[in-house]
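Since the structure comes first, as structure tokens, the remarks are kept for the end.
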There are 2 protein chains.
Amino acid sequence: MDAKPNGEYSSDRVVDGPTNPMVTPLLTDLYQFTMAYAYWKAGKHQDQAVFDLYFRKNPFGGEYTIFAGLEECIKFIANFKFTEEEIDFIRQSLPPSCEDGFFDYLRGIDCSDVEVYAIPEGSAVFPKVPLLRIEGPIAVVQLLETPFVNLINYASLVTTNAARHRFVAGKSKILLEFGLRRAQGPDGGIGASKYCYIGGFDATSNVAAGRLFGIPLRGTHSHAFVSSYMSPDEIIDKLLLSNDGSSICEDFVGLVQTWLSKIQWSNSLRGTFGETNQSELAAFTSYALAFPNNFLALVDTYDVVRSGIPNFCAVALALSDLGYKAVGIRLDSGDLAYLSCEARRFFCTIEKEFGVPGFGNLTITASNDLNEETLDALNKQGHEVDAYGIGTYLVTCYAQAALGVVFKLVEINNQPRIKLSEDVSKVSIPCKKRCYRLYGKEGYPLVDLMTGENEPPPKVGERILCRHPFNESKRAYVVPQQVEELLKCYWPGSSDNAREILPPLKDIRERCIKQLEQMRPDHMRRLNPTPYKVSVSAKLYDFIHFLWLNEAPVGELQ
Amino acid sequence: MDAKPNGEYSSDRVVDGPTNPMVTPLLTDLYQFTMAYAYWKAGKHQDQAVFDLYFRKNPFGGEYTIFAGLEECIKFIANFKFTEEEIDFIRQSLPPSCEDGFFDYLRGIDCSDVEVYAIPEGSAVFPKVPLLRIEGPIAVVQLLETPFVNLINYASLVTTNAARHRFVAGKSKILLEFGLRRAQGPDGGIGASKYCYIGGFDATSNVAAGRLFGIPLRGTHSHAFVSSYMSPDEIIDKLLLSNDGSSICEDFVGLVQTWLSKIQWSNSLRGTFGETNQSELAAFTSYALAFPNNFLALVDTYDVVRSGIPNFCAVALALSDLGYKAVGIRLDSGDLAYLSCEARRFFCTIEKEFGVPGFGNLTITASNDLNEETLDALNKQGHEVDAYGIGTYLVTCYAQAALGVVFKLVEINNQPRIKLSEDVSKVSIPCKKRCYRLYGKEGYPLVDLMTGENEPPPKVGERILCRHPFNESKRAYVVPQQVEELLKCYWPGSSDNAREILPPLKDIRERCIKQLEQMRPDHMRRLNPTPYKVSVSAKLYDFIHFLWLNEAPVGELQ
């Protein structure tokens, strides 16, 4: 793999391939090849098609989604080319009657005739509005359907999930993604780390993701580390140089024991705990000897209040004697609200009793099966947690494990196409479209508007009718204070259009954070949020309904 | 990628790397490296540790799990080695105070001192019983925790999900995995295809998975294919050679039109439908011209009963005239029970009316957001579906998106270790253990039994006491009719033990199917299944409770 951190590309340079080298033109459904063959056989493979990629419903019971996965799609099409081995495999997978000419055709195709317009990655997006509009020879564009949907579906879902966790946790908390082990496969984990960072997380435990994307890394030790020690007698090298290098503590283990007694018999803490677990004390001491400047201890292997916190404090105070400042503790079980408050009280008592400035402000990290609901419950109970490590529920999107992204044909050879369904929400919006976000006086986005490709764009200060695409009674006049065209050219194909630069990961993350801050608060509520409006122009509305009547068979009641 | 289909390895050959080249020693949590450093700094890195990998609760409300992911773990450790670039990155990710000697140590490590014992992949497994027992130098084994858990968690979860879908669908149905586009990332999709095949699916739509693992591929066309056609006039090349090559039909389009009229005005079908959708008819005709021997049509783009089925039948009858046998239809929306029965009735009527033998038995495939519940509901309603294409709910494990696989230290330097928790179900079972499955008279497995490493194994025909590990009142005598040792050596490390061969994918699939057939039916029920019993020997029981009392601090009520 030769992916670069924060992949920065200018429009005139070669684009690297997808992060995962398994993302090849074969990562698609077989029917894309059978259709390509049927198109080719009918001489229809060069027909100019326009497809929209969109979703129908926001996830997690919310009213917004963050769009992500675009960079991987562009990296994919920039390098789209079949190898001979791949063509051989496709040949074996199709009926033997398929003609050789088709495989010659496959050998020659790439995405140089495909145009991709997209909403910038990290944007807040809404149902039915195309995230991508892909135009090109129908056989080629069809081949992109499955990989594009795959690359965008989970990316957008988990970014949205991360953004929702950030929303509940609040801006001031540190959010750590700890999900690699529970993710759905290796790049479920790598993707989660990337997209949770975009969604507003601060760091990950996943070293591979840190390397690939330059995401800050975090991590200290596990329960196994604690229970791998039997007692402080095991620690042979007890020396610790002071932080400024001016002195040496010959027996750091002894210093820790001294502090443990001092705490135990101090005026304000006497009687709060008895004998602490010695294997835990040994583990903490050993960890501090290895990382005197980064001492963070997992305190719940045996008993948080009676063993973990006192042991941690003894080691932290010994470090403090030598000029080191401990980082804090991690809680991974039990009543996190209660335990975090107990820990804070203990820290503050020590700050006061022993006059150690800042000891009361040590960081408390919590990390036990957290999700939106538990964060919300912690907020309601009151707690002293500074940082959250979130895994399973975040990365697997446990509350809703898939987003229904679809890829629908909307025009072929300049003829608009519609996909009907008995379920109105599944009817596609035909035509090659332009999409706009209209902003109101207060600076909030008011409505997204889709129009036909050749309609005049909405103008600032000019009243325009916005209609619900399928419900004739839902419509509103809007006088936009700002008009933003949503779809930008990320892959110009053979056109002369300028290509948008793929921004570095940090810029995508910034965009996501800013977009969410810009939304009207009632769209963002966890409970009963107001739906954001998505509309079509009057002209497009009429056309949709003309086409619909045209295509649907007339029933006969018998 | 140079993975081989059905990777067959003998124990004396080199083992290929993991399927996904992103599975490297960096695909782990940062804390594995901070712990490794702390162990190394304390001179403890070579301590001999034993870890168990297990889960605590069966997924999906069931009482069984299928173990999968072992082959990928073995491929991972067989090639475990840090590159210089990786070591550089680890150095940058740790505090600058970390000593150079540690990175020299990392440079030298591999898994030649690690022993892995495991239950064979594709086995039915149960909570608390180790799926893997990993023994070796603690610093190295810790580094394996995250990738092992990642590789096994989703693999076992989705295999189990597939097995559950097979159980509800019944043995006679064809099950197709169609989930690539909705999977959690690219190898969420590739993994899903592999593990759903193990769990009892017959084929996948995922071409990359077909190539990597030799899984049968299936797929025909989408709604977009149908709506990409406007009318039969578009079809220029109307020639079709008969199946035996003896004659040419000059105007297949005309033949289809003729058949459509014949059906429309036939005695038994007159009045059941009016004018069918012409773009659909064109698409079906064109697809049949491309694949006359593999004609399967998606019939719900416009209206299943009034357009899709009649159009399909017209094309299928035209093909039949030329000696080709159509495959059938796919339904992707609406009331699948009703529509499948309507389709079957239509087919049977045609078989009778036009004397086309076998037409009534054409395959009906259904594929709209199916899951265990909808399959069960279809069974209850009565239906005529022969094959199911299942995507989202299957591959994302929507009903439960993660399995709680853990990796716990159970022994270090021959000292048993226990991880306590206020939640009894989270207390780990200490000691390096042996595990057995005991079978009863009827041939069903009765109970899994864990013992200490050096206890005598249970013997056929000899009564043995099996105890619940934590509940003193739950115990039973068992006289096994067959005893199976569960953990086998898959990676002998530096020992002389023989290594189990990694079986080809088909054998793993066979094992899974057989294991499930062997289970007592009440464990397999969808509703209120009976838990399968997992137990420890009397000696291990006593030892667990001795250690527990020893480690837990005594409280003081105040």
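Here is how the numbers come out for the structure above:
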{"quantity": "Matching residues, the range A:58-74, being open to solvent by less than 10 Å² (accessible area, probe 1.4 Å) and assigned to a helix (DSSP H, G or I)", "calculated": "A:Leu70, A:Cys73, A:Ile74"}
{"quantity": "Enumeration of residues in the range A:157-205 that are in a loop (DSSP other than H, G, I, E, B) and at the interface with another protein chain (Cβ under 8 Å from one of its Cβ atoms)", "calculated": "A:Phe178, A:Ala183, A:Gln184, A:Gly185, A:Ser205"}
{"quantity": "Tally of residues being hydrophobic (A, V, I, L, M, F, W, C), within 21 Å of B:Tyr195 (Cα to Cα) and not in a helix (DSSP H, G or I) across the range B:130-155", "calculated": "2"}
{"quantity": "Count of residues meeting criterion [open to solvent by 10 Å² or more (accessible area, probe 1.4 Å) and over 20 Å from B:Phe67 (Cα atoms)] in the range B:170-200", "calculated": "9"}
{"quantity": "Any hit, the range A:373-385, residues being crowded, with 23+ Cβ neighbours inside 10 Å, among the polar types (S, T, N, Q) and under 30 Å from B:Cys397 (Cα atoms)", "calculated": "no"}
{"quantity": "Count of the range A:239-254 residues which are without any contact (Cβ under 8 Å) to a residue 24 or more places away in the chain and out of contact with any strand residue (DSSP E or B) (no Cβ under 8 Å at 6 or more places or on another chain)", "calculated": "5"}
{"quantity": "Test: A:Ala297 is assigned to a strand (DSSP E or B) and either open to solvent by less than 10 Å² (accessible area, probe 1.4 Å) or not hydroxyl-bearing (Ser, Thr, Tyr) (or both)", "calculated": "yes"}
{"quantity": "Sole exception among (1) within 13 Å of chain B (Cβ to nearest Cβ); (2) surrounded by fewer than 24 Cβ atoms within 10 Å (Cβ to Cβ) for A:Asn150, by number", "calculated": "(2)"}
{"quantity": "Test: residue in the range A:357-372 that is assigned to a helix (DSSP H, G or I), within 20 Å of A:Thr65 (Cα to Cα), open to solvent by less than 40 Å² (accessible area, probe 1.4 Å) and touching a residue at least 60 places away in the same chain (Cβ under 8 Å)", "calculated": "yes"}
{"quantity": "Hits in the range A:310-326 (condition: open to solvent by 10 Å² or more (accessible area, probe 1.4 Å) and under 11 Å from A:Leu240 (Cβ atoms))", "calculated": "A:Asp321, A:Leu322, A:Gly323, A:Tyr324"}
{"quantity": "Conditions (1) crowded, with 24+ Cβ neighbours inside 10 Å; (2) farther than 19 Å from A:Arg437 by Cβ; (3) touching a helix residue (DSSP H, G or I) at 6+ places or on another chain (Cβ under 7 Å); number of the one not met by A:Ile109", "calculated": "(1)"}
{"quantity": "Members of the range B:373-413 that are touching a residue at least 40 places away in the same chain (Cβ under 8 Å), of a type in the set (D, E, K, R) and outside any loop (DSSP other than H, G, I, E, B)", "calculated": "B:Asp376, B:Lys408, B:Glu411"}
{"quantity": "Residue within the range B:388-410 that is more than 14 Å from chain A (Cβ to nearest Cβ) and within 30 Å of A:Ala402 (Cβ to Cβ) present", "calculated": "yes"}
{"quantity": "Any hit, the range A:529-542, residues being more than 14 Å from chain B (Cβ to nearest Cβ), under 30 Å from A:Ile215 (Cβ atoms) and at pLDDT 95 or above", "calculated": "yes"}
{"quantity": "Unique residue being aliphatic (A, V, I, L, M) and either within 43 Å of the chain's Cα centre (by Cα) or closer than 22 Å to A:Tyr31 by Cα (or both) when the list is B:Ile263, B:Ile235", "calculated": "B:Ile235"}
{"quantity": "Test set (1) at the interface with chain A (Cβ under 9 Å from one of its Cβ atoms); (2) closer than 19 Å to B:Asp29 by Cβ; (3) out of contact with any Leu (no Cβ under 6 Å at 6 or more places or on another chain) - B:Cys111 fails condition number", "calculated": "(1)"}
{"quantity": "Which numbered condition A:Leu241 misses (of (1) away from every other protein chain (no Cβ under 11 Å); (2) open to solvent by 10 Å² or more (accessible area, probe 1.4 Å); (3) over 25 Å from A:Val305 (Cα atoms))", "calculated": "(1)"}
{"quantity": "Within the range A:411-433, considering residues that are facing chain B (nearest Cβ under 10 Å) and among the β-branched types (Val, Ile, Thr), the one nearest to A:Trp548 (Cα to Cα)", "calculated": "A:Ile418"}
{"quantity": "Enumeration of residues in the range B:84-125 that are without any contact (Cβ under 8 Å) to a residue 12 or more places away in the chain and not in a helix (DSSP H, G or I)", "calculated": "B:Pro95, B:Pro96, B:Ser97"}
{"quantity": "Residue in the range A:250-289 that is least open to solvent (accessible area, probe 1.4 Å), counting only those that are of a type in the set (D, E, K, R) and within 12 Å of chain B (Cβ to nearest Cβ)", "calculated": "A:Glu280"}
{"quantity": "Single condition B:Gly391 does not satisfy, out of (1) outside the structural domain of B:Phe543 (by TED's automatic domain parsing); (2) under 21 Å from B:Pro147 (Cα atoms)", "calculated": "(2)"}
{"quantity": "Candidates A:Cys489, A:Cys512, filtered to the one that is within 19 Å of the chain's Cα centre (by Cα) and modelled with pLDDT of 95 or more", "calculated": "A:Cys512"}
{"quantity": "Test: residue in the range B:300-308 that is over 36 Å from the mean Cα position of the chain (by Cα) and open to solvent by 20 Å² or more (accessible area, probe 1.4 Å)", "calculated": "yes"}
{"quantity": "Residue in the range B:214-230 that is nearest to B:Gly391 (Cα to Cα), counting only those that are more than 9 Å from chain A (Cβ to nearest Cβ) and surrounded by fewer than 24 Cβ atoms within 10 Å (Cβ to Cβ)", "calculated": "B:Pro216"}
{"quantity": "Residue list for the range B:22-57, restricted to those being touching an Asp or Glu at 6+ places or on another chain (Cβ under 8 Å), within 7 Å of another protein chain (Cβ to nearest Cβ) and assigned to a helix (DSSP H, G or I)", "calculated": "B:Lys41"}
{"quantity": "Filtered residue count, the range A:400-424, keeping only those that are surrounded by fewer than 20 Cβ atoms within 10 Å (Cβ to Cβ) and more than 16 Å from B:Arg182 (Cβ to Cβ)", "calculated": "7"}
{"quantity": "Of residues in the range A:83-92 being touching a Phe, Trp or Tyr at 6+ places or on another chain (Cβ under 9 Å) and open to solvent by less than 30 Å² (accessible area, probe 1.4 Å), the one farthest from the other protein chains (Cβ to nearest Cβ)", "calculated": "A:Ile87"}
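Residues are listed down the side, and each one gets a yes or a no for (1) touching a Gly at 6+ places or on another chain (Cβ under 9 Å); (2) modelled with pLDDT of 95 or more; (3) over 21 Å from A:Met450 (Cβ atoms); (4) not assigned by TED's automatic domain parsing to the domain that holds A:Arg467:
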site	(1), (2), (3), (4)
A:Phe76	yes, yes, yes, no
A:Phe80	no, yes, yes, no
A:Glu84	no, yes, yes, no
A:Ile109	no, yes, yes, no
A:Asp113	yes, yes, yes, no
A:Ile119	no, yes, no, no
A:Gln142	no, yes, yes, no
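The values are calculated or read from the model by the stated rules, or taken from the named source; none is laboratory data. Fair warning: this is a prediction, and the values are worked out from it, not measured in the lab. Because the Cβ atoms are built from the backbone with ideal geometry, glycine has one as well, and the counts that use them run over all protein chains shown. Just so you know, the surface numbers come from the protein's heavy atoms only, side chains and all, with ligands and any DNA or RNA stripped out. Shrake-Rupley method; radii C 1.70, N 1.55, O 1.52, S 1.80 Å.
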